[in-house]
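The values are calculated or read from the model by the stated rules, or taken from the named source; none is laboratory data. This is a predicted model, so every value here is computed, not measured. Cβ: placed from backbone, ideal geometry, glycine included. Neighbour counts: every protein chain shown. Only protein heavy atoms, including side chains, enter the accessible area calculation; ligands, DNA and RNA are left aside. Shrake-Rupley method; radii C 1.70, N 1.55, O 1.52, S 1.80 Å.
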Amino acid sequence: MKTATATAHSNIALVKYWGKRADAPPALNLPAVGSLSMTLDGLRTVTTVAAAGSDSFSLDGEAVSGKPEQKVYAHLDRLWASAHETPRPRCAVTSINHLPTAAGLASSASGFAALTMAAATAFELDLTTARLSEFSRMGSGSAARSIFGGFVRLDAGEAADGRDCVARPLAGAEDWPLRLVVVQTTRGVKPVGSTEGMQASRDTSPYYQPWVDTSIQDLDAAQAAIEARDLPRLGAIVEHSCFKMHACMMATVPPIVYWKPASLGAIHAVWAAREEGLHGYVTMDAGPHVKVLCLSLIHI
Ligand code: 2P0
């Protein structure tokens, strides 16, 4: 194997993913709903995979242990096993997150996309972007979208093996220079991880099935709004998808409430600015931060 380094950028969903397909093997990590995102140039992960005497994983200079470490090795195993029958060589994985980790800023998206690309190169696998997206999804659902820049759609698909659950680019970043302003409302790691939260919502939230059933119309409407470069239309869908997902989370037993007082403050500040004519639209993920979709100042 070679030594390889890859950079992947984080992405924020404009139409959200929350929930996994109940009929599929957990290892495939197939989403119950499609999603549509915007890749961010300002938040990224840089990962190096190199041969070593034993497996190790370090993040921002610190050795990582436990479940996150095991998820990284399992990901290396599945990439290696896709092309080899021999045991996987031991690897040193070194990652630097140029963004807060596990705080609702999609560090697992850039993390698993960078790991997939670095390991695929290190293992000399000749993978298409579709295959890179498919492998990234097995690491983390949102990572499937970080293989591409710009606006990206990931359909849930129907195939039992997940081969039709692969992200595809809809438009490049330069085609429509929107901005996403991140309002960081608190510091620290989120209280409920996405994977366990999704499972709890599927099991207990009365709004889960309506959330799943209505996702496709939001995806199609958001794609049409992107094609039309219509920000008010896209913004309305973005806010609807966000608040519908958070309603589903809040109705979970016990409730999953990622919001902090500052989150609601930021939402109302954006809405007040909109009354004054600013085209800003809010979204929130599995964390307390508020992201504001708006036009580039240069293009106003
Ligand atoms: C998203 N989130 O579409 C949504 C919005 C959180 C809220 O993708 O279990 O870390 O690893 O597939 O990708 C976060 O979930 O979850 C996420 P797994 P992931 O961006």
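Annotations
- On a per residue basis, the chain carries 44 Å² of accessible surface, using protein heavy atoms and a 1.4 Å probe.
- Each principal axis of the Cα cloud of the range 58-169 was taken in turn, and the coordinate range along them, longest first, works out to 38, 37, 22 Å.
- Of the residues Met198, Met284, Met117, the one that moves most in a GNM of the chain with alpha-carbon contacts below 10 Å is Met198.
- Where N is the number of residues in the range 179-294, Cα Rg divided by 2.2 N^0.38 Å: 1.10
- Helix 215-227 axis, angle to the chain major axis (alpha carbon atoms, nearest 10°): 80 degrees
- Per DSSP, loop GluC sites (Glu not before Pro) in the range 202-300 with at most 16 further Cβ within 10 Å: Glu276
- DSSP beta bridge pairing in the range 9-112, given as percent antiparallel to the nearest 5: 80 percent
- With bins 20 Å wide beginning at 0, the percent of Cα pairs of the chain falling in each bin runs 35, 58, 8, 0.
- Counting only aspartates and glutamates at least 8 places from Lys71 when in the same chain, those with an alpha carbon closer than 15 Å to its own are Asp55, Glu196.
- A probe of 1.4 angstrom, applied to the heavy atoms of all protein chains, finds Trp18 with accessible area near 10 square angstrom.
- Sparse-neighbourhood loop sites, trypsin sites (Lys or Arg not before Pro) in the range 123-204 - DSSP loop, at most 16 other Cβ within 10 angstrom: Arg163, Arg187
- Computed over the range 16-68, the Cα gyration tensor eigenvalues convert (square root of 5λ each) into semi-axes of 29, 19, 10 Å, ordered from largest to smallest.
- Expressed as a whole percent, the accessible area of the chain that falls on carbon and sulfur atoms is 57 (1.4 Å probe).
- Set of lysines with alpha-carbon distance to Lys67 below 20 Å, sequence-local pairs under 8 removed: Lys20, Lys190
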